[in-house]
Amino acid sequence: MFFPSTGTTGYRPTAPHTTVTPPVHTPPPLYTPPPRTRYTAPPRPAKGGGRLRGCGGLLVGFFLLSALVRGCDGLLDSGGSDSDGNDGTTVAATCPDRIAAELPDGDGAELVQAYRTKNKQITLCRTTSGSLYYYGEFSDGREKGIAMEAEETSDGYEARNGEYRYVIQGGVVTIYQSGTQIGEEDVTPEPSPS
């Protein structure tokens, strides 16, 4: 049988007497980053109106291209590159005879430019006296055409016939009556008007 032991007999373990000391909290040392050298971007080259310069270059390119196209068109119109021997320029094509006959002093007139719309033909001729004429007519010949004095503008041509004004610029002929626009048609160059 088993009897509990009394306090005087037997082994009795005692709890160890350990004193727990709380850890001392010491903050970590402050981090000091190494000194940085300041970044400076390399200097940019001066652009001097980059967009404006780009647009200007584009305009010059279009101008040169259109001049080249007109020059080649003139070569085709005149049937070759006949030159007068002085400055190497080509001889201009002659104004079609039937149109030259309608112009004052039209004998020997030269073709300056010709266009077509959906149903009309526009022919610009310069007489030997230097006058520029706009000759407009229906392509099918249903009515007799009309000749009127014209002038070259900075971006095309303009002709007047009484209260009517015809302006050719930017691939369009615009018709005005007494200052009010009454019509507008796309024009395409006509290399060999008849």
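The numbers here are math on the coordinates, done by the rules we state, and not lab data. From a predicted model like this one, the values you see are computed outputs, not experimental measurements. Please note: Cβ atoms are built from the backbone with ideal geometry, for glycine as well, and neighbour counts cover all protein chains shown.
If you go through the stretch 119-146 and keep only what is among the hydroxyl-bearing types (Ser, Thr, Tyr) and in contact with a Gly (Cβ under 7 Å, 6 or more places away or on another chain), you end up with Thr127, Thr128, Tyr135. Take the conditions (1) out of contact with any strand residue (DSSP E or B) (no Cβ under 7 Å at 6 or more places or on another chain); (2) under 18 Å from Glu110 (Cβ atoms); Asp140 misses just one of them, which is (2). Taken over the stretch 116-137, the criterion of being part of a strand (DSSP E or B) and under 17 Å from Asp97 (Cα atoms) is satisfied by Gln121, Ile122, Thr123, Leu124, Cys125, Arg126, Leu132, Tyr133, Tyr134, Tyr135, Gly136, Glu137.
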